[in-house]
Amino acid sequence: MKKIVLSLGGSVLIPTLEEHRLAAYAEVLKEIAGYARIYVVVGGGGEARRYITAARELGCSEASADEVGIAVTRLNAMLLSLVLGDAACPLIAGSQAEAMAYGETGTIVLMGGITPAQTTDAVAAVLAERCGADLMVNLTSVDGVYTADPRIDPAAKRLARLTPEKLLEIVSTGSLVAGANTVIDMIAAKVIQRSGIPLLVIDGRDPGNLATALLSGTHKGSLVIREGKNPLPITRDR
Ligand code: UTP
């Protein structure tokens, strides 16, 4: 069976505890789990940023603020696991090795952050490399990879397809403080480049975008791929 690792941004899954997309994502994840083995790395979202801000105001280091962020990503993963019920592995993976082992159960594997000074994008990219994923998908709150930050540069253009080298060049200008928000983090971009695993970046604010991209191959995001065959759509190969 094909393997797909999702970096599910907290900013799209749980922007706040009052407004979230947990139920809608659970439905989509159950649907795509019929086509591929699914690993989901959940981000921190707005609540992680609030906790990180509180930790900083208490005078803690960036690394400690990162640990606070990691705890929230794991809480978010736990909430998603509860909504998924039997479709998900009931344990939240606390390491790459655990995620690999839980994948053998055939259920949807969930994890959050693990190490300070990175984001859940990096966790997802390393997991994709470790499990030999056919595809990594970054579900984020922008609609793809732009030539520059569109919030700063109005001339920035979205790239429908780009090489991992171009992605690295674009993200190398981003910052790495706790709670930073770039399209994908630098570590993730480096791992994608060295592994050659195709990366799809799509707007995750509409959960239906994920099913449409994987099952019909249609999307309005960015595909990061060096050469060869388009990995979309995903077909069952059991
Ligand atoms: P993320 O930045 O991955 O979640 O983690 P997010 O902000 O919800 O993701 P997007 O932007 O929507 O895609 C939240 C914070 O947790 C810490 C970092 O401080 C990060 O900014 N973290 C997370 C780590 O330090 N290490 C990890 O492995 C994961």
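The values are calculated or read from the model by the stated rules, or taken from the named source; none is laboratory data. Quick caveat: nothing in here was measured; it's all calculated off a predicted structure. FYI the Cβ positions are ideal-geometry reconstructions off the backbone, even for glycines, and counts take in every protein chain you see. For the accessible areas, the whole protein counts, side chains as well, though only heavy atoms, and no ligand, DNA or RNA atoms are used. Shrake-Rupley method; radii C 1.70, N 1.55, O 1.52, S 1.80 Å.
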Count neighbours as other Cβ atoms within 10 Å of each site's Cβ, and list the GluC sites (Glu not before Pro) in segment 1-72 that are DSSP loop with at most 13 such neighbours. GLU18, GLU19
Which distance in Å, rounded to a whole number, links the C-alpha centroids of segment 36-57 and segment 179-238? 20
Once phi is turned into θ = phi - 60°, what whole-Hz ³J(HN,Hα) does the Karplus curve with 6.51, -1.76 and 1.60 give for every residue of segment 186-203, x standing for Gly and Pro? 4, 5, 4, 4, 5, 5, 4, 5, 6, 8, x, 6, x, 10, 10, 10, 9, 6
What is the magnitude of the charge dipole of the chain about its Cα centre, with +1 placed on the Cβ of each Lys and Arg, -1 on the Cβ of each Asp and Glu, and no other charges, expressed in debye to the nearest 20? 600
Using θ = phi - 60° and the Karplus curve 6.51 cos²θ - 1.76 cosθ + 1.60, what whole-Hz ³J(HN,Hα) does each residue of segment 122-129 get, with Gly and Pro shown as x? 5, 4, 5, 5, 5, 5, 4, 5
Probe 1.4 Å, heavy atoms of protein chains only: per residue, the accessible area of the chain in Å² is 45
Report, to the nearest whole %, how much of the accessible area of segment 1-139 belongs to carbon and sulfur atoms, 1.4 Å probe, protein only. 57
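Provide the net charge surrounding GLU165, with neighbours chosen by a C-beta distance below 15 Å and charges set as Lys +1, Arg +1, Asp -1, Glu -1.
Cβ neighbours under 15 Å give a net charge of +3.
Output the pairs from LYS157/LYS220; LYS166/LYS229; LYS30/LYS166 with a Cα-Cα distance over 22 Å in this structure; if there are none, say none.
On the way: LYS157/LYS220 13 Å; LYS166/LYS229 19 Å; LYS30/LYS166 33 Å.
In this structure, LYS30/LYS166 lie more than 22 Å apart at Cα.
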